[in-house]
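*Asks:* Have a look at this one before I ask anything.
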Amino acid sequence: MPLRHVDNGRGEWAMVDPDGNAYRDDTPAELKADPKGWWDRLAAADPGAYSNLLARVQLGHWSWYHAHRAEPTEPYAGPVPFCCDSPMWASPRGWACRVTGDLFPYEAAA
Ligand SMILES: [Zn+2]
């Protein structure tokens, strides 16, 4: 699925899908509608799968809900401006000073 970087509204990067969603919830409709019944049916049909899935969910190792993350890509290799003796952060709104948080629009920093 093609994802793209956007400003999350707080000056931080977020990944969104083509519909503009930063999160995806793949929870089965039957589970949302009737959680107890869904788990009970799974326990009756496949006790091993029920036990395995319940443990993973309760331990936080599995969820049908996740934030989009981009595939690892090549790091930016262009010039990075410095401010306050530190390399600046490429924020969605421009180069940001890591010390003061001051923003410099990309056009001006280039
Ligand atoms: Zn600075």
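Nothing in this text is a laboratory measurement; each read-out follows from the coordinates by a stated rule. Worth saying up front: this structure is predicted, and the values here are computed from it rather than measured. In this analysis, Cβ positions are derived from the backbone assuming ideal geometry, glycine residues included, and neighbour counts consider all displayed protein chains.
*Asks:* Taking the dipole about the Cα centre of the chain, with the C-beta of Lys and Arg at +1 and of Asp and Glu at -1, give me whichever of Leu42, Gly20, Ala70 is farthest to the positive side.
*Replies:* The residue sitting most towards the positive pole is Leu42.
*Asks:* What's the long-distance tail for segment 1-88, i.e. % of Cα pairs beyond 16 Å?
*Replies:* That tail contains 71 percent of the Cα-Cα pairs.
*Asks:* Spin-label point model (7 Å from Cα, Cβ direction): what's the Leu53 to Cys84 distance in nm?
*Replies:* 4.9 nm
*Asks:* Now a separate question. Mind checking the dipole of the chain: about its Cα centre, +1 per Lys or Arg Cβ, -1 per Asp or Glu Cβ, Debye to the nearest 20?
*Replies:* With Lys and Arg at +1 and Asp and Glu at -1, about 220 debye.
*Asks:* With a Förster radius of 35 Å, plug the Cβ-Cβ distance of Tyr106 and Thr27 into 1/(1 + (r/R0)^6) and report the FRET value to the nearest 0.05.
*Replies:* About 0.35, to the nearest 0.05.
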